[in-house]
Amino acid sequence: MSTVIQDSDSRLDLRQVAKHFAGDDTARPVLDGIDLSIASGEFVSIVGASGCGKSTLLRLIAGLDGEFEGAIDFAGQAVRTTDLARGIVFQDHRLFPWLDVEQNIAIALKNAPLSRDQKRRAVEEHVALVGLSGFEHHFPHQLSGGMAQRVAIARGLVNRPRLLLLDEPFGALDALTRARLQRELQRIWEHERITMVLVTHDVDEAVFLADRVVVMRARPGRIGRVLDVGLARPRDRSDARFVALRDEILGELGQL
Ligand SMILES: Nc1ncnc2c1ncn2[C@@H]1O[C@H](COP(=O)(O)OP(=O)(O)O)[C@@H](O)[C@H]1O
Ligand SMILES: [Mg+2]
């Protein structure tokens, strides 16, 4: 079954994207020659060694950094700055300690063209979507790591973006919580039918979730290979094809 939506509504196109940091005295760019097209509703994972430029690439797609060469188009429009249509979730949840769950999610709606009542309803829906109903008035220090990360995901989704970027969102969680949130993220992706790009150092997670896995090489950050996963969801991590694909990617990364 293909989950890819056949329209250009949330299609992402990167053409010959390159990035240098100002003041970086090495001649080599951090990113070079990145060509990648992601279809509407597709789930793509990006894996690669630490420092190969994954977070830099995600920041460019988010529009948090407009200094790059090449072209990044989302839904047919050039990306140069942030937009409510593109949400991002980081490894550290970045919640405000003095705001409760509801307020931490609502803060993302500050610039949304919605009435107070619509905002209240959007927050309520997204609290429920990430399974936190009943915890609306808890503060970050009263939440487990997994719950805080769910709040960050709700905040990333509350503007109903058409693209969600996730930078190692489960990297700081224990294995059990991570597995649970991976299943939940898949459910959310199936429910919302939006495009997702997940950066992860966990190859198992990349294969579990994605339609395609992009393997990046370091110095300069380039796309090494793009692998189609092609397994039915939910995926069985002990399935021979799952294991073979995971091992192939680990081999690509030089970890075998
Ligand atoms: N603001 C910055 N200024 C200079 N160099 C940076 C900056 N941010 C990242 N880098 C460098 O760019 C490279 C890629 O970093 P990053 O995108 O964070 O990698 P990854 O997320 O794959 O671990 C690293 O060598 C890092 O030191
Ligand atoms: Mg990173």
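Side notes on the structure shown:
- Residues in region 213-242 that are open to solvent by 40 Å² or more (accessible area, probe 1.4 Å) and assigned to a helix (DSSP H, G or I): 240, 241.
- Any hit, region 91-111, residues being within 30 Å of residue 253 (Cβ to Cβ) and touching a strand residue (DSSP E or B) at 6+ places or on another chain (Cβ under 9 Å): yes
Yes or no, residue by residue, for (1) within 16 Å of ligand 2 (Cβ to nearest atom); (2) surrounded by 14 or more Cβ atoms within 10 Å (Cβ to Cβ); (3) over 17 Å from the mean Cα position of the chain (by Cα); (4) modelled with pLDDT of 95 or more:
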position	(1), (2), (3), (4)
84	no, yes, no, no
101	no, yes, yes, yes
131	no, yes, yes, no
136	no, yes, yes, yes
159	no, yes, no, no
171	yes, yes, no, no
178	no, yes, no, no
181	no, yes, no, no
186	no, yes, no, yes
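- Of the residues making up region 54-66, one or more are in contact with a helix residue (DSSP H, G or I) (Cβ under 9 Å, 6 or more places away or on another chain) and away from ligand 1 (no atom under 12 Å from the Cβ).
- The sole residue among 31, 14, 36 that is in contact with a Phe, Trp or Tyr (Cβ under 9 Å, 6 or more places away or on another chain) and modelled with pLDDT of 95 or more is 31.
- Taking residues in region 167-182 that are among the β-branched types (Val, Ile, Thr), and partners anywhere that are within 12 Å of ligand 2 (Cβ to nearest atom), not one pair has Cβ atoms closer than 8 Å while being at least 6 places apart or on different chains.
The values are calculated or read from the model by the stated rules, or taken from the named source; none is laboratory data. Please read these numbers as outputs of a predicted model, since none were measured by experiment. Virtual Cβ from ideal backbone geometry, glycine too; neighbours counted across all protein chains shown. We work out accessible area using only protein heavy atoms, side chains counted, and drop any ligands, DNA or RNA first. Shrake-Rupley method; radii C 1.70, N 1.55, O 1.52, S 1.80 Å.
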